[in-house]
Structure formats: structure tokens, C-alpha cells
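The block underneath contains the structure these notes are about, expressed in C-alpha cells.
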Amino acid sequence: MTAPVVVLVGPPGAGKSTVGALLAGRLGVGYRDTDADIVGTAGKPIAEIFIEDGESHFRELERAAVRTALDTHPGVLSLGGGAVMDDGTRKLLTGLPVVFLDVELADAVKRVGLDAPRPLLAVNPRKQWRELMERRRPLYTEVARAVIATGGRTPEDVADAIVDALELRPAADPAHPAGREEQA
């Protein structure tokens, strides 16, 4: 099993994809997004999976994608916003360098807009987002080694905060292997 250097979790609009790709570049490792894996496997967008096959089918695909990525991806990994709802997924995340990107509603709205194809936010998105966070925040916090508030920060600032919080070494530092935590 090859564990990721960093696993990013958080709600829609937290910046997992943007920060994840930027962080991977800084650490000199690959970037992977389980939502993209699901789209590739299903051959259709997530919104269509929800509409045509239902949320339970999507969650099955998500569990499989997360398990595979955690077992095989040695770089930066972003999980879909609802992945932490699964007990098995939370168990798999135990002991891993998980970072919860915490975002406030106003910032999330600015980042994803209210017309983006987010199936769980389709009706009354502000209310749905608040309710989603009430359910998920304790789970994001449970699995996280570090919680990084993204409000008022650029993606670069958030990536810097992750590097600092997990004590990672950027790829430019030849004295340390790219992005690996030092072992005591």
C-alpha cells in the first residue's frame, strides 16, 4: 500500500482541487481527485450519476474510488465533499495526513457559484450548504490531522499553511525527499 502525502477533505467550494494541484506541484508529486476518478469510471458527470443512478450508486462508486486512490496514490489526493460520510472511508483515513479545508458559506458561494452542477446543493443552495456542513463538519474534523481555514487566503497561502501544518518539505529542498514527512 502506498499512502498519499496529503489527503484533502472539505465541502464544495473549499478549494480542494485548486489547492491540491498547487500543493502537488510544490511537493513534486502527482495530484489525484476521486471525483474525477468517478467521472472517468462512470463515463458521465457526477450530476448525471445522481440523477440517473441515484445517490446510493454514486456513494458506492465513491467508496471504491477512495479505497483505490488511498492504496495506490503517493501524491496529493482530494476526496469528494461527502466521502467522509462513509464509516469505512473514515477508518481508512485513520493515521493519514488528512487536511480539512474549512470554508465559510460566503467564500464557498464565491468559488462555486450557486448555479454550478452540485447535486446536493440544487434546491436552496445556501440552506442546503449550511445543513450539509452541520452534518459533515464533525466528520471532517474527526479525520483531520490539520484544519486550515481558507477564508481570506489565496490558494497559494492555503498550500503554504498545509506545508507548515504537516511539516512537509517542498520539492525544491534537495536535502529532503519531495513532500515526505520526516520520521522521528
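The values are calculated or read from the model by the stated rules, or taken from the named source; none is laboratory data. Every value quoted in this text rests on a predicted model; they were computed, and no experiment measured them. Because the Cβ atoms are built from the backbone with ideal geometry, glycine has one as well, and the counts that use them run over all protein chains shown. Note: areas computed on protein heavy atoms with side chains; ligands, DNA, RNA excluded. Shrake-Rupley method; radii C 1.70, N 1.55, O 1.52, S 1.80 Å.
If r is the Cβ-Cβ distance from A171 to R137 and R0 is 30 Å, what FRET efficiency results, to the nearest 0.05? Don't skip to the end; give the middle numbers.
On the way: r = 32 Å, r/R0 = 1.08.
Taking R0 as 30 Å, the efficiency between A171 and R137 is 0.40.
Whole angstrom only: what separates the Cα centroid of region 31-100 from the Cα centroid of region 1-25?
12
Top to bottom by accessible area (1.4 Å), largest first, where do M133, M85 land?
Descending order: M85, M133.
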